[in-house]
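Working notes, beginning with the structure itself.
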Amino acid sequence: MKTIVGVGDPKAIKRYSAFLAVDIGRKSYFNKKFMGVGAEAQTPIQTLPHLESDSGDNISYDLVMQLKMRPIQGDATLRGKEEDLKFYTDSLYIDQLRGGVNTGGKMSRKRTVHDMRKIARVRQSEWWARLFDETLFMYLSGARGINEDFIEGTTFTGYAGNSFVAPDSYHIMYGGDATAKDDLDAADKLDLTLIDRAKTRAQTIGGGTSGLPSLQPCEIDGEPHYCLVMHPWSAYDLRTNATTGQWLDIQKAAAGAEGRNNPMFKGGLGLYNNVILHEHKAAIRFSDYGASNPAVINASRALFMGRQAAVAAFGSPGTGLRFGWHEEMEDRGNQVVITTSSIFGVKKTAFTIDGTSRDFGVMALDVACKDPG
């Protein structure tokens, strides 16, 4: 006789909670490629694990600015001239999100509870991975955009009180010869020239005595790299650019990078000037760029990322795992309802310096971008 583990059995709940967490980790775009644990992780997204074992719904993290004092020469007195360490703090809130499936009544199911659990796990793991990735794209971009297929609507402004933060003036660039949103025209597409400009700015912005944080690269095999995630329509613009020294250069660099095992390289478009290129359809899109009134230029926001572009934090639902699994019978035992949950928060890393919010690990590259048809 076949053994059936009943609805609500603690063994099944813990087992499928673990399965769900593993599935989501494999399916999530950001989790597979760009996430690491702890403040020292060499990744664009850093997961802060403090709240997974401790109580609370808020976590703070600090930026320590570089020293800029002048040295004391000879036997001149140093006492009283030491420089204070300057800390800038940001915080992240977490909250519970839930989703669920109703497996239907006994006559419509005609399957064992084991099959229902498996189907629910697959469908909900896809949903959670999609929700997590879309959330990170919105927070990193500082905007919801017009993407039609997102789970959250176009009026969405964030979870857990973590508001979207628009790019500051130092951390946004535009395609072609555009210098502002209303200056963008249909020809100002993503190209290698913009990637070169972004890399140059990333290398020179901030640090030293400037009072601005520098955009730190990710160290891979001892070499500094940045990551650029663009919309597939922008990737098409790159591939079809016939100008000398454009797409061909990416292909040469991609061949040189072949065999690298770091997840950030896998599945990428190529490597250009130590910038790893990726594409994803959840890159945020807009339809209100350009000088006309109303503005009608379609645009997208590519994300040029270094270390700690965003942070994520999870709270355990009581099982020691990041996702919860709950089963119950409804309609007097006729329907099995499976609910999954997670307590988490994500946020683009930004610090208020001299009264102004400054991004830390990401630049927005706003370019003309439309469906090539």
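Tabulated data
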{"item": "Residue within segment 227-243 that is out of contact with any strand residue (DSSP E or B) (no Cβ under 7 Å at 6 or more places or on another chain), modelled with pLDDT under 85 and farther than 20 Å from LEU365 by Cβ present", "result": "yes"}
{"item": "Tabulated pairs, segment 153-180, first charged (D, E, K, R), second part of a loop (DSSP other than H, G, I, E, B), C-beta under 8 angstrom, 6+ apart or interchain", "result": "ASP177/ASP188"}
{"item": "Strands (runs of 3 or more DSSP E) contained entirely in segment 244-307, each with at least 2 residues that are modelled with pLDDT of 90 or more and of a type in the set (Val, Ile, Thr)", "result": "275-279"}
{"item": "Matching residues, segment 176-200, being assigned to a loop (DSSP other than H, G, I, E, B) and in contact with an Asp or Glu (Cβ under 8 Å, 6 or more places away or on another chain)", "result": "GLY176, ASP177, ALA178, LEU184, ASP188, LYS189, LEU190, ASP191"}
{"item": "Wholly within segment 1-117, helices (runs of 4 or more DSSP H) carrying at least 1 residues that are modelled with pLDDT under 70", "result": "10-27, 106-109"}
{"item": "Count of segment 321-357 residues which are part of a loop (DSSP other than H, G, I, E, B), in contact (Cβ under 8 Å) with a residue 40 or more places away in the chain and surrounded by fewer than 17 Cβ atoms within 10 Å (Cβ to Cβ)", "result": "3"}
{"item": "Filter result for the condition that a residue is in contact (Cβ under 8 Å) with a residue 40 or more places away in the chain, under 22 Å from VAL296 (Cβ atoms) and over 20 Å from the mean Cα position of the chain (by Cα), over LEU212, LEU184, LEU192", "result": "LEU184"}
{"item": "Members of segment 157-177 that are crowded, with 16+ Cβ neighbours inside 10 Å and β-branched (Val, Ile, Thr)", "result": "VAL165, ILE172"}
{"item": "Residue within segment 180-193 that is crowded, with 18+ Cβ neighbours inside 10 Å, out of contact with any Cys (no Cβ under 9 Å at 6 or more places or on another chain) and modelled with pLDDT under 95 present", "result": "yes"}
{"item": "Conditions (1) of a type in the set (Ser, Thr, Tyr); (2) part of a helix (DSSP H, G or I); (3) crowded, with 21+ Cβ neighbours inside 10 Å; number of the one not met by TYR226", "result": "(2)"}
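The values are calculated or read from the model by the stated rules, or taken from the named source; none is laboratory data. Keep in mind that what you see is a predicted model, and the values were worked out from it rather than measured. So basically every Cβ, Gly included, is an ideal-geometry build from the backbone, and we count neighbours across all protein chains shown.
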